[in-house]
Amino acid sequence: MATPSHQPIDPSINICDIKPYSVFKDLCNLLDRPPCSWRNLLDVIPDKMYKKHEIEQKFGMATLQSGGSPSKLLLQDLGRRGKTVRQLISYLEKLQHERALMLLKQEEQLQITRQPESVSSMEGDAVELKCQAVGFPYPRYQWYHGNREIATGMDSVLRLEEVCPEDAGQYICRIHKVSSRDPRKPQSYVFTEWVQLTVIPTNASEQYDDPPHIAVHPSPVRVALSGPVSLSCGARGKPAPFYQWYKDKVLLQGETRREIYYDQAKASDQGVYTCRVWNRVGEVWSQGAQVTVAVPAVTQSCAPGIPEIVMPPVSGDCVLGGTAKFICEARGHGQLFYQWYKNGKPVPGGDRSTLCIPRVTLDVLGSYQCRVSNSAGDVMSKPVWLKLPEKDVDYGPEKPVERYYATDKVALVIGNQYYRNQDNLEASINDAYTLSNILRNELDFKVVSLTNLDLQDMTNAVQAFCELLNEGVYGVFYYGGHGYENLGQQFMMPIDVPATYRASDCVCAQMVLKKMQEKSTGLNLLLLDMCRMRNKDCSQPPSEAWDIERPRGNVVFGFATCSNAEAFEVQGERNGIFMSYLKRYITQPLRVTHMLEQVQKGVGQDKQASHVQFPQIMADLREDRTLRDPISFHGHTQEFCVRNQRWAAAHELPEAINICFQSCGVHVKLGFFAEFSNVMVMYLTVLDLGKTKQCLPSLRDFPPEVEIDVKFSNKDRVEDIGCCSNMVTHFQNPPKDINSVFTRVMDIQKIKGNNLELSLFLDYMIDGETLQESHPILIPKPLVSKMPIWQNPLPPRPLPPHLYPEGGFANPSFQQYPPQQYPPQPFPEYQLGPRIARESEYDFDEKTLDDLNLNT
């Protein structure tokens, strides 16, 4: 097609008068071809001036003729009907037929009508950046993240589905239009304003949480008998709030969604409905909504009564992958309506007397009831159970688990791996990291995660943990490391345990349990991932100081192995054997003891571990409590808020710091993210090279009380600083055009004074001369070091021998970094933050016993 080199077409002329003829011919050729053809043009012409048979006779038959053009006939007919070019342009604009419009319409200057706006978002949320422009030819869009072109950002709206810290930074959109002479070449450009995307890490302090706020209250409803009833309550909050409906101040079992809906209203449904909305920050109640059911007098007089169930459903065993069926037969006056419920919630499609389950999975196991109703009322069958045979899984809960609530959930996770006088382990830190992320991100626990604790630190950690417990709280204690058992009591070894150790050198698990029980908790789960061999050097009888005075029916012990046996790790694997199966089942909505039975079964079926490791469960749990039970702090609001404040303060990271070296003009950013509650990663990013051509920042002069592994300090990749392997797989390294170095700081809890003091060194080169500068850094106490219980730490311990580098403490050379060219402003900041470690399930490869390590 010839490029438009003609003068602009006068929009007021008749369509038949379009000149030159080449324009009219090109227009016909465009409309003769799909996807936007003359038939589409007919659809947008108002008044429907052509009938269907007339369209085919007048225009459609032209395709059968040699050189025939339906579009030419249509345009000529429109001209004979008095249609102008302006009207034709309006039709083509509805179709957004740009190439056809470029033959008729004058070009219009680009103009931005909507600028994008800066956004702050929680990690994992979806974010949209929007801009809008007008002009002709139509505007094209291209988004940029700093100086990097976003391949998928070619629309006016840039949508990021699950933002992560790497997405943070500055964004801009380039808007351009093509030339009407050559559509392949851009003609003009305009740029939007720069906007900032801030990503808030998922484990940021509670200051980012918002209490729920009800935006839509339920409204009063008046319905006829057997008519549908619908009430809705809409609320906002962060994290997303939970819902619970009440009728006449009585809890409605299973009604935990935003909307409550009955397909057949009954007289008993009449009453005042309210909804309680809550999250971990606060709670709020909706206004009451009156539901009135209009029952005709004739119906009331002739209805003999509510239905009677003559054949109730019965419980039954099933097999996974098979089928199951429940039958409930009833009799009564008028039409009967059926609705099946599973664990108190309506079963979709369960509106017949027979409920068929075509394929049995773990998700369909539970309790079932059938509600039968007529115009006079309803009746509910007794609960029956769908379960696997006893030899497979003993589910058999006596009551639906949904009725149990926790006033809060708190966990202490300890992983001891590097010992001074014992063999080091391989997977304890990874196990602690795995469990911490599952508890925090999937089970809504407030987690304190600590690694490599000595005796004093372990004692302090238990005390701080128990201070967060109160009535009704679910408490989870996990320990991974060396341990032993003596006459029924388990002892966990701190990293400074001597070569010959006794009970006084260790922390007793029964001591932890007693302190937890003193807080009247709703559930106490202790997971001990350690060996339970008898200590021959400890001949003293078990201490009676830690005996539980009165059982409360809320305790579950999960042991990685049985008494007088060892727990194992598999060399080269991220997790130990116990954690490899615990992480698979801990999120299941099962009674805690049943969940641990699944772990037992998994280890028992493992080819490498089944004959050497035997997990054990000890429990007096009376109620069907699960780790997925929702949090409801009604009546404990003050305790909940105080606990939130304490936990948030103990997990607060310092704000990023920008440092400028005046003599050379180099700008460096110091940022932070947390690996554990007592392990922090500090990273340096060169924002501006200033007068230098290359430079290398590094952190040094740390106080002696914190532990810095010199082999892993000031590295330019995250995976080189000694983080647990689970964590490294979820971090990307910075772009190659950014100088960044990372340092891992351990034993944060031992910081003395009110600040962490260190130095920032900068090695750089100007005019071939190598120079060095330093800058003092003062950082407020981060993470758990702010907790009063750690204000007086023990004297610093020396580095373990295996952490000393072979060549001494030589500073890294900046010459290993190639010269970098600093990109033009604005610079896209590279930001890191905590990431969620969601690991995939896997089975162990075929290994021999030589690949197993003992957690003795």
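The values are calculated or read from the model by the stated rules, or taken from the named source; none is laboratory data. These numbers come from a predicted model, not from an experiment. A quick note on method: Cβ atoms are made from the backbone with ideal geometry, for glycine too, and the neighbour counts reach across all protein chains shown.
Tell me whether region 198-216 contains one or more residues that are more than 28 Å from Cys641 (Cα to Cα) and in contact with a strand residue (DSSP E or B) (Cβ under 9 Å, 6 or more places away or on another chain).
no
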* To do: May I ask you to verify whether Ile586 is under 22 Å from the mean Cα position of the chain (by Cα) and β-branched (Val, Ile, Thr)?
  => yes
* Structure fact -> Among (1) part of a loop (DSSP other than H, G, I, E, B); (2) over 23 Å from Arg552 (Cβ atoms), Asn470 falls short only on (2)
* Meets criteria (outside any helix (DSSP H, G or I) and closer than 21 Å to Gly366 by Cα) for Leu596 -> no
* Asked: Among the residues of region 194-241, how many are within 31 Å of the chain's Cα centre (by Cα), over 27 Å from Thr256 (Cβ atoms) and modelled with pLDDT of 75 or more?
  -> 8
* Among the residues of region 710-719, is any on the phi < 0 side of the Ramachandran plot, outside any helix (DSSP H, G or I), crowded, with 22+ Cβ neighbours inside 10 Å and not small (Gly, Ala, Ser)? -> no
* Asked: Can Thr459 be described as touching a helix residue (DSSP H, G or I) at 6+ places or on another chain (Cβ under 6 Å) and touching a residue at least 40 places away in the same chain (Cβ under 8 Å)?
  -> no
* **Selection from region 483-502 of residues that are in a loop (DSSP other than H, G, I, E, B) and within 14 Å of Tyr419 (Cβ to Cβ)** => Met493, Pro494, Ile495, Asp496, Val497, Pro498, Ala499, Thr500, Tyr501
* Which condition number in (1) modelled with pLDDT of 85 or more; (2) in the same structural domain as Lys19 (by TED's automatic domain parsing); (3) surrounded by fewer than 17 Cβ atoms within 10 Å (Cβ to Cβ); (4) not aliphatic (A, V, I, L, M) is the one that Asp47 fails? -> (1)
* In region 723-758, how many are modelled with pLDDT of 70 or more, among the polar types (S, T, N, Q) and within 27 Å of Val163 (Cα to Cα)? -> 2
* **Top-ranked residue of region 534-581 - restricted to ones that are part of a loop (DSSP other than H, G, I, E, B) and within 29 Å of the chain's Cα centre (by Cα), ranked as modelled with the highest pLDDT** => Ala560
* To do: Might you let me know whether region 335-358 holds any residue that is aromatic (Phe, Trp, Tyr), over 37 Å from the mean Cα position of the chain (by Cα), outside the structural domain of Pro589 (by TED's automatic domain parsing) and surrounded by 14 or more Cβ atoms within 10 Å (Cβ to Cβ)?
  => yes
* Just one of Glu769, Glu773 is in the same structural domain as Lys691 (by TED's automatic domain parsing), charged (D, E, K, R), without any contact (Cβ under 8 Å) to a residue 40 or more places away in the chain and over 21 Å from Ala650 (Cβ atoms); which is it? -> Glu769
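Hey, any hits in region 11-22 for a residue that's in contact with a Ser or Thr (Cβ under 8 Å, 6 or more places away or on another chain) and exposed (fewer than 13 other Cβ atoms within 10 Å of the Cβ)?
We begin by selecting, within region 11-22, every residue in contact with a Ser or Thr (Cβ under 8 Å, 6 or more places away or on another chain); these are 11-15.
With exposed (fewer than 13 other Cβ atoms within 10 Å of the Cβ) added as a condition, the list becomes 12.
For region 11-22, residues in contact with a Ser or Thr (Cβ under 8 Å, 6 or more places away or on another chain) and exposed (fewer than 13 other Cβ atoms within 10 Å of the Cβ): present.
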* Scanning region 205-264 for residues that are among the β-branched types (Val, Ile, Thr) and part of a strand (DSSP E or B), which turns out nearest to Trp278 (Cα to Cα)? -> Ile214
* Structure fact -> The residue from Arg280, Arg257, Arg276 that alone is within 21 Å of His213 (Cα to Cα), charged (D, E, K, R) and surrounded by fewer than 19 Cβ atoms within 10 Å (Cβ to Cβ) is Arg257
* Structure fact -> Within region 503-533, of all residues that are of a type in the set (Gly, Ala, Ser) and either part of a loop (DSSP other than H, G, I, E, B) or not assigned by TED's automatic domain parsing to the domain that holds Ala464 (or both), the one farthest from Leu627 (Cα to Cα) is Ser520
* Structure fact -> Per the list (1) modelled with pLDDT under 85; (2) buried (at least 18 other Cβ atoms within 10 Å of the Cβ), residue check on Pro116 breaks on (1)
* **Residue match in region 632-655 (condition: surrounded by fewer than 20 Cβ atoms within 10 Å (Cβ to Cβ), in contact with a Gly (Cβ under 9 Å, 6 or more places away or on another chain) and part of a strand (DSSP E or B))** => no
* To do: Evaluate the following for Val410: is it modelled with pLDDT of 90 or more and either part of a helix (DSSP H, G or I) or out of contact with any Gly (no Cβ under 7 Å at 6 or more places or on another chain) (or both)?
  => no
* Structure fact -> The residue that is surrounded by the fewest Cβ atoms within 10 Å (Cβ to Cβ), considering only those in region 232-254 that are charged (D, E, K, R) and under 22 Å from Val293 (Cα atoms), is Lys249
* Does Val668 satisfy the condition of being over 23 Å from the mean Cα position of the chain (by Cα) and at pLDDT 90 or above? -> yes
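Matching residues to (1) hydroxyl-bearing (Ser, Thr, Tyr); (2) modelled with pLDDT of 90 or more; (3) surrounded by 16 or more Cβ atoms within 10 Å (Cβ to Cβ); (4) in contact with a Leu (Cβ under 7 Å, 6 or more places away or on another chain):
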| site | (1), (2), (3), (4) |
| --- | --- |
| Pro137 | no, no, yes, no |
| Tyr141 | yes, yes, yes, no |
| Tyr144 | yes, yes, yes, no |
| Asn147 | no, no, no, no |
| Pro165 | no, no, yes, yes |
| Ser179 | yes, no, yes, no |
| Arg184 | no, no, no, no |
| Ser188 | yes, no, no, yes |
* Out of curiosity, is Gln270 closer than 16 Å to Pro220 by Cβ and modelled with pLDDT of 85 or more? -> yes
* Matching residues in region 283-293 - criterion: being crowded, with 19+ Cβ neighbours inside 10 Å and in a loop (DSSP other than H, G, I, E, B) -> Ser286
* Could you give me the residue pairs with C-beta distances under 7 Å whose first residue belongs to region 488-504 and is closer than 22 Å to Ile429 by Cα, whose second residue is assigned to a helix (DSSP H, G or I) and among the charged types (D, E, K, R) wherever it lies, and which are 6+ apart or on separate chains? => Val497/Asp505; Pro498/Asp505
* To do: Give the residue that is surrounded by the most Cβ atoms within 10 Å (Cβ to Cβ), with candidates limited to residues of region 567-622 that are under 23 Å from Glu485 (Cα atoms) and among the charged types (D, E, K, R).
  => Glu569
